[in-house]
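The values are calculated or read from the model by the stated rules, or taken from the named source; none is laboratory data. Everything quoted here is computed from the prediction, not taken from an experiment. Every residue, glycine among them, receives a Cβ derived from its backbone with ideal geometry; neighbour counts consider all protein chains shown. Just the protein is used for accessible areas: all its heavy atoms, side chains included, with ligands, DNA and RNA removed. Shrake-Rupley method; radii C 1.70, N 1.55, O 1.52, S 1.80 Å.
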Amino acid sequence: MLRLRRLAVGCALGSAGATLALVLVASLNFAYRAPALHVALETTAAITASAAALLLLGRFWRTGFLDELVLSAGLSLLAVSNFAFAALPAVFGLQSDRASVWSMLFTAVVAALLICVAALLPRRRLTVGPRWPLVVYGSTLAVAIAGTLPTVAFPSLLNGVALSVSTSDAHPSLAAGLQLGLALLYILAALGFTRRNRLTNDELSGWLAIACILSGASHINYFFHPAALSNWVYTGDVFRLGFYLALLIGAAREIASYWTSVIAAASLEERRRLARDVHDGLAQEISFIARNVRLVDRILRSVARAQEESRRVVGALAPKPDESLDQALAQAVQEAAQRYGASVDMELASGISLSPREKEAVVRIASEAVANAAQHSGAEVLRIYLERADAGMRLGVEDDGSGFDDEQPRQGFGLVTMKDRAEALGGKLHIDSRRGTGTRVELEL
């Protein structure tokens, strides 16, 4: 981030020096007739602004920050303005008239004002939904139409308004004043984005600051050397191209950062899933073997059960379609209870249909709950029930053992994995226990 801020400072100093040289040395200024290059520049500007606006709208849907929504609206208006009043006339070789010059200047001022407001606006989180985008985008569109449509429909409204639309009419005018106003707005926006980059380490804000510096320099150049003809390229266009290039780089970096975070989150979730599977499978068997290391026959049975557990893990990847949920539960909980010398009273409803992934998760939750009850509660008989609920199913494991105080956090990974599995299925896991009155674990799905 420090390197990016240094780049912004260097960009500001370089733009200021180049602009000063162009103002003082008239021979350095150029105006090059290149219709194809002008079409390419304006098309690139419209596409780049549209891409950046969509990226920021996506960030708003993830974060809910108002400033990102306002910035997205400003860049969208800038893209529409470039396309309608610059790219299309350049494609068809049309000369700029007073109405089109006014429309482009007016929409450029509104877009710059939105970008400046977004840069200086304190970060405020909104409720994500369609309401705020409709309000912000609708208001922006209404202001743009109100300021441009009357002059397009009635060009006489601009009579008496000094607009520089030819190379011979380059004296101070309303257009020149608007160019200075645009430069000031973009300089203020650059300061705001630089401050946000320093406070939040947001890389996109740093690139936005660089882009605004270059845009401010372009409008200062347009003040001294107006872009009068739609099929010519001027020195201000070079700085404006830098503005869109910085936007493009910032958008590309933001997309790369987003996918890096997505991959990291997916990797973390996969590690948590593997941890749950290891805990519910191999860790249970290793713990059992450690407690019964002196008894060879129990060790042999534990090895057999470990083999069965490995087959179950393989079965989770390729589950048997003909094994019902109640059959899988009956086999799993009986094995879990027998490891600790407990018996199970089962009331399992048949005919409940789940996907293979859901069935595997429900069986593992039941096995973990029975193993915990048989190991820690001291109860000799456990009760497990499976029944239909209003919109799904309900699974419960009860014991009349010692219980525990459920208001105090308990150590161990078992309860965490059961809750994680339940939440991954979109269900809820309820644990009800009081010391001396037993425990009930209930899954609603």
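Per atom type, region 327-409 shows carbon and sulfur on 42% of its accessible surface, probed at 1.4 Å. Using a 1.4 Å probe over the heavy atoms of the protein chains, calculate the carbon and sulfur portion of the accessible area of region 28-95 as a whole percent. About 75 percent, which is the carbon plus sulfur part of the accessible surface.
Restricting the GluC sites (Glu not before Pro) of region 349-445 to loop positions (DSSP other than H, G, I, E, B) with no more than 12 neighbouring Cβ atoms within 10 Å leaves GLU407.
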